[in-house]
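Peer 1: Let me begin by handing over the structure; questions about it come next.
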Amino acid sequence: MEMIDEVLLIAALIVGSILVLAGLLSALTGLQIAVEVALIVSLFYLCMKCIKRGDRT
């Protein structure tokens, strides 16, 4: 059951990231880049956390 929770969390984070980026289309370029970097770092951190907890057999 924990695997499903992690998949849903990652999916929600990706969808949320897309919605945030879509909302920033008319924002300044510097702000867009800063938000994109923050979103990529958060996705990477979450994926690495899930991989470390996973079963490697």
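Peer 1: Report, to the nearest 10°, how far helix 29-53 tilts away from the longest principal axis of the Cα atoms in the chain, using its own Cα long axis and a range of 0 to 90°.
Peer 2: So the helix axis and the longest Cα principal axis differ by about 0 degrees.
Peer 1: Could I ask something else about it? Per DSSP helix of 4 or more residues, -39500 (n - 2.57); summed, then divided by the residues of the chain. What does that give at 222 nm, rounded to the nearest 500?
Peer 2: -29000 deg cm²/dmol
Peer 1: Within the accessible area of the chain, what % is carbon and sulfur when the probe is 1.4 Å and the other protein chains stay in place?
Peer 2: Carbon and sulfur atoms account for 75 percent of the accessible area of the chain.
Peer 1: Shifting gears a bit: Can you sort 17, 42 by solvent-accessible area, 1.4 Å probe, largest first?
Peer 2: Ranked list, largest accessible area first: 42, 17.
Peer 1: For residue 48 and residue 36 in one chain, what is 0.36 nm times their gap in residues minus the Cα-Cα distance, to one decimal in nm?
Peer 2: Full-extension gain reported as 2.5 nm.
Peer 1: Leaving ligands, DNA and RNA out of it, rank 31, 24 by accessible area with a 1.4 Å probe, largest first.
Peer 2: 31, 24
Peer 1: Hey, of (1) 1.03; (2) 2.28; (3) 1.36, which did the structure itself give for Cα Rg over 2.2 N^0.38 Å when calculated?
Peer 2: (3)
Peer 1: Still on this structure, I have one more. With a 1.4 Å probe and all protein chains kept in place, how much accessible area does residue 36 have, in Å² rounded to the nearest 10?
Peer 2: Using a 1.4 Å probe on the heavy atoms, I get roughly 80 Å².
Peer 1: May I pose another question? At 1.4 Å probe radius, can you tell me the per residue accessible area of the chain in Å²?
Peer 2: Per-residue value: 81 Å².
Peer 1: Relative to the first principal axis of the alpha-carbon coordinates of the chain, what is the inclination of helix 2-23, with its axis defined by its Cα atoms, in degrees from 0 to 90 and to the nearest 10?
Peer 2: Roughly 10 degrees, rounded to the nearest 10.
The values are calculated or read from the model by the stated rules, or taken from the named source; none is laboratory data. All figures in this text were calculated on a predicted structure; none of them were measured in a lab. For accessibility, only protein heavy atoms count, side chains too; no ligands or nucleic acids. Shrake-Rupley method; radii C 1.70, N 1.55, O 1.52, S 1.80 Å.
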